[in-house]
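Where a number appears in this text, it was derived from the coordinates with a stated rule and is not lab data. Here the structure is a predicted model, which means the values were calculated and not measured. Neighbour counts run over all protein chains shown; Cβ positions are idealised from the backbone, glycine included.
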Amino acid sequence: MDNYINSSPKGVELGLSTLSDTEFTVTEASFLVDRSPTDVQNAVDKKVVKSTVVKAGPRAQRLLGRAELRFLTMDREIGEALSGVGKRRLYEELSRLPETATTARFGALVVDLRKSDAKLKKRLRLLEAIKGSIKMREGEPFIKGTDIPAYQVAALYPAASIEEILEDFPSLKRGQVEHAIDFARAYPKKGRPYPSTSMKRGISNLIKGGVFDDD
């Protein structure tokens, strides 16, 4: 199987259909719960949720599991209705529950887990599809079936719209561009980033600006 940037040894794999016994990096988790990496990292740093620490090369990497994803998804939906104590009790209850549980009970409150679990599994299937659309070559992710680096395409967004990116890369389809953008969100590029403007659009902007006009 291809190795993905920032993916943990226990990270999501193609064909995985449940969240059982699987752990995710902060950026994978942020994609799955549809929140910013900063939100998820803050929840870890402030010990709102627990994480598993593993060595990833020279650095330690924090991984989140099913209970953490469930909590972060539900916190976005009902968090304002709960006090800090209520949130802690909800997280503790979610940590005890098996994957098959459809409700969480603490005190007089009963929380239906089916809606949030359905959202998580939908996002997980999307992440599987995204990873399946990428082919790794010597550590660089390329859009499958092309010689176009996924990060090169993703770097253009949101400065350029998807429609503008398709103009710059006419051989690509909309779904390929969207998957490249989402891949970069779940697995951010390390090191020097690609330019946020394509060479084609950069030259076009120079022409429009009269840079090549005769004096």
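Each other residue within a Cβ distance under 14 Å of residue 45 adds +1 if Lys or Arg and -1 if Asp or Glu, for a net charge of +2. The ranking of 199, 136 from fewest to most other beta carbons within 10 Å of each one's beta carbon is 199, 136.
Taking a point 7 Å from the Cα of residue 34 along the Cα-to-Cβ direction, the residues of segment 124-161 with backbone N closer than 16 Å to it are 124-128. Counting other Cβ atoms within 10 Å as a rough exposure proxy, the listed residues 38, 73 run 38, 73 from fewest neighbours to most. For the residue pairs 55/190; 119/189; 46/119; 47/87; 47/189; 50/122, the C-alpha atoms sit more than 20 angstrom apart in 119/189; 46/119; 47/189; 50/122.
Using the Cα centre of segment 135-208 as the reference point, and only Cβ charges (+1 on K/R, -1 on D/E), how large is the resulting charge dipole? Debye, rounded to the nearest 20. Walk me through the intermediate numbers first.
Details: 12 positive and 9 negative charges, 34 e Å.
Magnitude of the dipole: close to 160 debye.
Would you please classify the overall shape of segment 135-208 from the alpha carbon gyration tensor, given that a ≥ b ≥ c denote the square roots of the eigenvalues, rounded means a/c under 1.5, and beyond that prolate means a/b larger than b/c while oblate covers the rest?
Details: a/c = 1.78, a/b = 1.48, b/c = 1.20.
Since a/c reaches 1.5 and a/b is larger than b/c, the shape of segment 135-208 is classed as prolate.
In this structure the amide hydrogen of residue 56, modeled in the peptide plane, comes within under 5 Å of the amide hydrogens of 61, none closer than 5 places in sequence on its chain.
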